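S.K.: Can you keep this structure in mind? I'll have questions shortly.
Any read-out appearing in this document is the output of simple, stated calculations on the displayed coordinates, not a laboratory observation. Model, not experiment: these values are computed from the prediction. Positions of Cβ are generated from backbone atoms using ideal geometry, with glycine treated the same way; all protein chains shown enter the neighbour counts.
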Amino acid sequence: MNEQTFYRFVGFLKKIRLGWITPFLFLLKGEDPRSQFKAIFNGLVLPLISILCFLLVWDVSSKQIVTKFGT
């Protein structure tokens, strides 16, 4: 795959909202690992941690809600 095709594919992934895959492709291509791991952390790991924290808070707080139908 030549350079132009690679960047067109990366642009396509970003258009279809799969841009989080691009740091992995850049790692395979041999780009700077430090910046790619930073992009992976910011684009994939942080959102997953945030979602898990939200679900944890929701689980803890929902146990305290009492309605006339039960908890």
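S.K.: Place +1 on the Cβ of every Lys and Arg and -1 on the Cβ of every Asp and Glu in the chain, take the dipole about the Cα centre, and give the residue among 49, 26, 16 whose Cα lies farthest towards its positive end.
M.R.: In the chain, that residue is 16.
S.K.: Another question, then. Over the chain, what is the relative contact order in percent, taking alpha-carbon pairs closer than 8 angstrom and at least six residues apart?
M.R.: Result for the chain is 17 percent.
S.K.: Looking at the chain, do any whole DSSP H helices span at least 15 angstrom along their long axis by alpha carbon and average 1.6 or above on Kyte-Doolittle, and which?
M.R.: Span-like helices here: 46-62.
S.K.: Ok, one more. What size of dipole, in debye to the nearest 20, comes out for the stretch 2-71 about its Cα centre when the only charges are +1 on Lys and Arg C-beta atoms and -1 on Asp and Glu C-beta atoms?
M.R.: 220
S.K.: Right, here's the next one. Highest first, please rank the peptides 32-44, 6-18 by the mean number of other Cβ atoms sitting within 10 Å of their residues.
M.R.: 32-44, 6-18
S.K.: Starting at 0 and stepping by 5 Å, how many percent of the alpha carbon pairs of the chain end up in each bin?
M.R.: The percentages, shortest bin first, are 3, 14, 16, 16, 12, 8, 7, 6, 6, 5, 4, 2, 1, 0.
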